[in-house]
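Engineer: Input: one structure, supplied below.
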Amino acid sequence: MTASPDSQSAVPSLDTARRPFVLVWEMTQACDLACKHCRAEAQPRRHPDELTTAEATALLDDARRFGEGQLVVLSGGDPLARPDAVELVRYGSDRGLRMTVTPSGTGSLTRARIDELRDAGLRRMALSLDGGSGEPHDEFRGEPGSFERTLRAARDAREAGLPLQINTTVCAETVEELPAIRELVTGLDAVLWSVFFLVPVGRGRILDPIPPGAAERVMEWLREVSETAPFGVKTTEAPHYRRVAIERRAGGAERAPDGIGRRTGIVAGDGFAFVSHTGEIYPSGFLPKSAGNVREGGIVEPYRRSDLFRSLRDRDALRGKCGACPYRHVCGGSRSRAYAYTGDPFESDPLCPYVPDGYDGPLPATQQG
C-alpha cells in the first residue's frame with residue numbers, strides 16, 4: 001500500500017463497482033527466495049511469457065482509466081528481478097498512478113536501488129518479516145541472512161524518505177512470533193503493519209493455518225495493538241477483523257493513520273484486483289479464477305463488467321453462514337480462502353468462527369464437531 005495525502009477524503013466515496021482500491025500486478029514469478037508460504041511458487045528464472053515492457057506500460061495506461069490516483073502494487077516473485085522495474089515505477093508515477101512495490105529481502109535490494117525507486121516516484125515500499133529474529137524468519141523464507149538483509153533494506157528505505165510497510169504471514173509456524181515482530185515494526189518506524197492470514201495456495205498448501213478460535217484471538221490482540229501503536233494495522237485475507245472491531249465498539253471503519261484510509265468491505269473482486277505475470281486477471285492472487293487477460297483488452301472493462309467480478313461484489317450471493325451474516329456488507333469473508341477450501345468463492349470463510357444468531361445451516365469443516 002502507499003500513502004496519499006488526499007485519500008482520507010477520497011476513500012469513502014470510492015465506488016468499488018467502478019474501480020479497485022488496490023490493483024496488484026505480479027510483475028514476475030522470479031525470486032531468489034523459496035518462502036514456505038509463497039503463493040506464486042517462485043523460482044529463480046523469469047517466465048518466458050511475462051508481460052513485456054510495452055505490454056506493461058499499456059497495462060499502466062489502462063489503469064489510469066480507473067480514475068485519478070489509482071493505487072498500483074508491483075509484486076512478485078521479486079519485482080526487482082525485472083530490469084525494467086524502476087522504469088515502470090517512473091512510467092506509472094509520471095501518469096498519476098500511486099506506485100508501490102513489494103521487493104524480496106535479497107542482496108539485490110541495495111541502497112542504490114532503493115534511491116532509484118524513490119527518485120522514480122515510488123510512494124511506498126513493503127517488506128516482509130515473518131519472525132522476530134533471524135532464525136525463525138530465515139527458516140520461513142528459506143534463505144540464511146534474509147532477516148538481516150530485510151532489516152537493512154527497511155532502514156535504508158527509512159533513510160531514503162520512503163514510507164515503509166511491513167507484511168507478516170500468520171500461520172501455526174509464525175503466530176508466536178507476532179509480539180516480537182510488532183516490536184520490530186515499531187523500531188523500524190513503519191507506517192503500516194499488514195498481517196496476512198494464510199490462504200493454502202501455492203507452497204502455502206503445506207503449512208498449517210491457525211484454527212478459527214485462535215484467529216479470533218489474534219484479531220482481538222491486533223485491535224488492541226492498533227489503539228496504541230505508532231503505525232496502522234490492517235489484515236489481509238481476514239476481513240472479519242472489521243467485525244471484531246465493531247464488536248469491540250472500536251469503530252467499524254478500518255482506517256489506518258498512515259495517509260491512505262481504509263474502506264470497509266474490500267475483498268477479492270470488490271475493491272481488489274490482481275494481474276498475473278502472464279496477464280491473467282484474477283479477483284486476487286489467492287483466488288486464481290480468471291476473468292480474462294489484459295493482453296486482450298486491458299484491466300478496466302473486465303474489472304467492471306465480467307460476470308466473475310460483478311458476482312463477487314454482490315454480498316447477497318454469498319452462501320452458508322457468510323450469506324446469513326449481518327456483517328456481510330462490512331466484511332464479506334475471504335473469498336480466496338473459501339475458494340481454496342471448497343472450490344466455490346461464494347461459500348463461507350472457514351477461518352471465521354462467528355455464527356449468526358438463528359443460523360442453523362451447514363458450517364465449514366473447520367468448525368464442525
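Engineer: Here are some residues: PRO144, PRO179. Which one is surrounded by fewer than 22 Cβ atoms within 10 Å (Cβ to Cβ) and outside any helix (DSSP H, G or I)? Explain how you work it out, then say what you get.
Structural biologist: Working: PRO179 fails: outside any helix (DSSP H, G or I).
Unique residue meeting the criteria: PRO144.
Engineer: In segment 147-168, what residues are outside any strand (DSSP E or B) and of a type in the set (A, V, I, L, M, F, W, C)?
Structural biologist: Listed by number, the residues that qualify are PHE147, LEU151, ALA153, ALA154, ALA157, ALA160, LEU162.
Engineer: Is it fair to say ASP156 is free of Cβ contacts under 8 Å to residues at least 60 places away in the same chain, more than 21 Å from the chain's Cα centre (by Cα) and over 26 Å from VAL267 (Cα atoms)?
Structural biologist: Values: free of Cβ contacts under 8 Å to residues at least 60 places away in the same chain: yes; more than 21 Å from the chain's Cα centre (by Cα): yes; over 26 Å from VAL267 (Cα atoms): yes.
For ASP156, the condition - free of Cβ contacts under 8 Å to residues at least 60 places away in the same chain, more than 21 Å from the chain's Cα centre (by Cα) and over 26 Å from VAL267 (Cα atoms) - is met.
Engineer: Restricting attention to segment 147-173, and to residues there that are of a type in the set (Val, Ile, Thr) and touching a helix residue (DSSP H, G or I) at 6+ places or on another chain (Cβ under 7 Å), which single residue is surrounded by the most Cβ atoms within 10 Å (Cβ to Cβ)? Lay out the reasoning, then the answer.
Structural biologist: Kept after step one, since they are of a type in the set (Val, Ile, Thr), are these residues of segment 147-173: 150, 166, 168-170.
Right, trim to touching a helix residue (DSSP H, G or I) at 6+ places or on another chain (Cβ under 7 Å) and you get 166, 168, 170.
Values: ILE166: 23, THR168: 22, VAL170: 27.
Only one residue tops the list, namely VAL170.
Engineer: Take the conditions of a type outside the set (Phe, Trp, Tyr), surrounded by fewer than 22 Cβ atoms within 10 Å (Cβ to Cβ), assigned to a loop (DSSP other than H, G, I, E, B) and at pLDDT below 95 and apply them to THR278. Does it pass?
Structural biologist: On the way: of a type outside the set (Phe, Trp, Tyr): yes; surrounded by fewer than 22 Cβ atoms within 10 Å (Cβ to Cβ): yes; assigned to a loop (DSSP other than H, G, I, E, B): yes; at pLDDT below 95: no.
Against the criterion (of a type outside the set (Phe, Trp, Tyr), surrounded by fewer than 22 Cβ atoms within 10 Å (Cβ to Cβ), assigned to a loop (DSSP other than H, G, I, E, B) and at pLDDT below 95), THR278 does not qualify.
Engineer: Within segment 72-85, can you find the residues that are of a type outside the set (Gly, Ala, Ser) and crowded, with 18+ Cβ neighbours inside 10 Å? Walk me through how you get there before you give the answer.
Structural biologist: Applying the first criterion (of a type outside the set (Gly, Ala, Ser)) to segment 72-85 yields 72-74, 78-80, 82-84.
Residues satisfying the conditions are VAL72, VAL73, LEU74, ASP78, PRO79, LEU80, ARG82.
Engineer: Another question, if that's okay. I'm trying to understand the selection: among the residues of segment 44-64, which are part of a helix (DSSP H, G or I) and over 22 Å from the mean Cα position of the chain (by Cα)? Even if it seems obvious, please write down each step before you answer.
Structural biologist: Here is the first cut: in segment 44-64, the ones part of a helix (DSSP H, G or I) are 53-64.
Residues satisfying the conditions are THR53, ALA54, GLU55, THR57, ALA58, ASP61.
Engineer: Let me confirm something: among ARG315, ARG304, ARG310, which residue is among the basic types (Lys, Arg) and within 18 Å of VAL72 (Cα to Cα)?
Structural biologist: Working: ARG315 fails: within 18 Å of VAL72 (Cα to Cα); ARG310 fails: within 18 Å of VAL72 (Cα to Cα).
None of the other options fit; the residue is ARG304.
Engineer: Something else: Condition check: in contact with a strand residue (DSSP E or B) (Cβ under 9 Å, 6 or more places away or on another chain), touching a residue at least 40 places away in the same chain (Cβ under 8 Å) and either among the small types (Gly, Ala, Ser) or crowded, with 23+ Cβ neighbours inside 10 Å (or both). Does GLY69 satisfy that? Give the steps one after another, and end with the answer.
Structural biologist: Numbers: in contact with a strand residue (DSSP E or B) (Cβ under 9 Å, 6 or more places away or on another chain): yes; touching a residue at least 40 places away in the same chain (Cβ under 8 Å): yes; either among the small types (Gly, Ala, Ser) or crowded, with 23+ Cβ neighbours inside 10 Å (or both): yes.
Criteria met by GLY69.
Engineer: Report yes if PRO353 is in contact with a strand residue (DSSP E or B) (Cβ under 9 Å, 6 or more places away or on another chain) and not hydroxyl-bearing (Ser, Thr, Tyr), otherwise no.
Structural biologist: Values: in contact with a strand residue (DSSP E or B) (Cβ under 9 Å, 6 or more places away or on another chain): no; not hydroxyl-bearing (Ser, Thr, Tyr): yes.
For PRO353, the condition - in contact with a strand residue (DSSP E or B) (Cβ under 9 Å, 6 or more places away or on another chain) and not hydroxyl-bearing (Ser, Thr, Tyr) - is not met.
Engineer: Within segment 229-269, work out how many residues are of a type outside the set (Lys, Arg), at pLDDT 65 or above and either farther than 25 Å from GLY213 by Cα or part of a strand (DSSP E or B) (or both).
Structural biologist: Going through segment 229-269 one residue at a time, the tally reaches 8.
Engineer: Would you check if SER108 is surrounded by fewer than 23 Cβ atoms within 10 Å (Cβ to Cβ) and farther than 29 Å from ALA215 by Cβ?
Structural biologist: Numbers: surrounded by fewer than 23 Cβ atoms within 10 Å (Cβ to Cβ): yes; farther than 29 Å from ALA215 by Cβ: yes.
Yes: the conditions hold for SER108.
The values are calculated or read from the model by the stated rules, or taken from the named source; none is laboratory data. Quick caveat: nothing in here was measured; it's all calculated off a predicted structure. Every residue, glycine among them, receives a Cβ derived from its backbone with ideal geometry; neighbour counts consider all protein chains shown.
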